Amino acid sequence: MIDFRRRLKFIESYLRNSKERIELAKISKERGFYNNTIRFCQEAVELSLKAILRLYNIEYPKSHDVGYVLRQYARLFPDWFKSKIPEIARISRDLSYNRGPAIYGDENSEVPPEELYDEQDAVNAIKSAQLIHSLCYRLFLEKAKRIKEGS
């Protein structure tokens, strides 16, 4: 038998860690490390989405981009969340694509990661990560309440 309290605590930990990554992204932005902002926002989005997939007992791949999995299981989510899935999947894909360059730069042309991103990139990444975290946290609260009530 599944201990739902333990499972919810585990999922909530993903969401807390996601929020912490967003805070670290803000610090990196203020210090001018825009590439690190991108990296932290990607991690925040990944944690938020994996929390929701776990909440719905959806097996997800061991990859950084899981937005497309939401598309595959869209029918399981409430309408308000389902309507946001295209945007969520796009953000997940885009940040995942930039994860490697944000860490390593462009290794082929030897452009360091700090030169690949600017302040506007950082601002956009933070806004996107905050949006996804807030949507996922709202969904978590709604679903957790129903689980606790036994429905």
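The values are calculated or read from the model by the stated rules, or taken from the named source; none is laboratory data. Given the structure is predicted, the values throughout are model-derived calculations rather than measurements. Note: ideal-geometry Cβ built from the backbone for every residue, glycine included; neighbour counts use all protein chains shown.
The lone criterion from (1) at pLDDT 95 or above; (2) under 20 Å from Phe40 (Cα atoms) left unmet by Leu76 is number (2).
Out of the helices (runs of 4 or more DSSP H) lying entirely within region 1-72, which hold 2 or more residues that are β-branched (Val, Ile, Thr) and over 21 Å from Arg90 (Cα atoms)? Quick ask: steps written out before the conclusion?
Working: elements: 4-30, 34-55, 67-72.
Of the helices (runs of 4 or more DSSP H) lying wholly inside region 1-72, those with at least 2 residues that are β-branched (Val, Ile, Thr) and over 21 Å from Arg90 (Cα atoms) span 4-30.
Looking only at region 105-117, residues that are surrounded by fewer than 16 Cβ atoms within 10 Å (Cβ to Cβ) and either touching a residue at least 40 places away in the same chain (Cβ under 8 Å) or under 12 Å from Ile38 (Cα atoms) (or both) come to 1 in all. Of the residues examined, Ser128 is not one that is under 15 Å from Glu43 (Cα atoms) and touching an Asp or Glu at 6+ places or on another chain (Cβ under 6 Å).
For region 28-45, a residue qualifies if it is more than 10 Å from Ala129 (Cβ to Cβ) and of a type outside the set (A, V, I, L, M, F, W, C), and the qualifying residues are Ser28, Lys29, Glu30, Arg31, Gly32, Tyr34, Asn35, Asn36, Arg39.
Count, please, the residues in region 49-96 that happen to be among the aromatic types (Phe, Trp, Tyr) and free of Cβ contacts under 8 Å to residues at least 24 places away in the same chain. Even if it seems obvious, please write down each step before you answer.
Within region 49-96, the first condition is being among the aromatic types (Phe, Trp, Tyr), and the residues that meet it are 56, 60, 68, 73, 77, 80-81.
Checking the rest, the ones that are also free of Cβ contacts under 8 Å to residues at least 24 places away in the same chain come to 60, 73, 80.
Here the count works out to 3.
Which of the following residues is out of contact with any Phe, Trp or Tyr (no Cβ under 9 Å at 6 or more places or on another chain), more than 29 Å from Lys143 (Cβ to Cβ) and of a type outside the set (Gly, Ala, Ser): Glu114, Glu30, Glu87, Glu43?
Glu30
Output the residues belonging to region 25-43 that are among the hydrophobic types (A, V, I, L, M, F, W, C) and farther than 19 Å from Leu116 by Cβ.
Residues of region 25-43 among the hydrophobic types (A, V, I, L, M, F, W, C): 25, 27, 33, 38, 40-41.
Answer for region 25-43, where residues must be among the hydrophobic types (A, V, I, L, M, F, W, C) and farther than 19 Å from Leu116 by Cβ: just Ile27.
Those residues that are surrounded by 13 or more Cβ atoms within 10 Å (Cβ to Cβ) and free of Cβ contacts under 8 Å to residues at least 24 places away in the same chain, I need them from region 123-133; list them, please. Can you show your working first?
First pass over region 123-133, keeping only residues surrounded by 13 or more Cβ atoms within 10 Å (Cβ to Cβ): 123-126, 128-133.
The answer is Asn124, and nothing else.
Quick one: would you say Gln120 is part of a helix (DSSP H, G or I), of a type in the set (S, T, N, Q) and loosely packed, with under 14 Cβ neighbours inside 10 Å?
Yes; evaluated as a whole, the condition is true for this residue.
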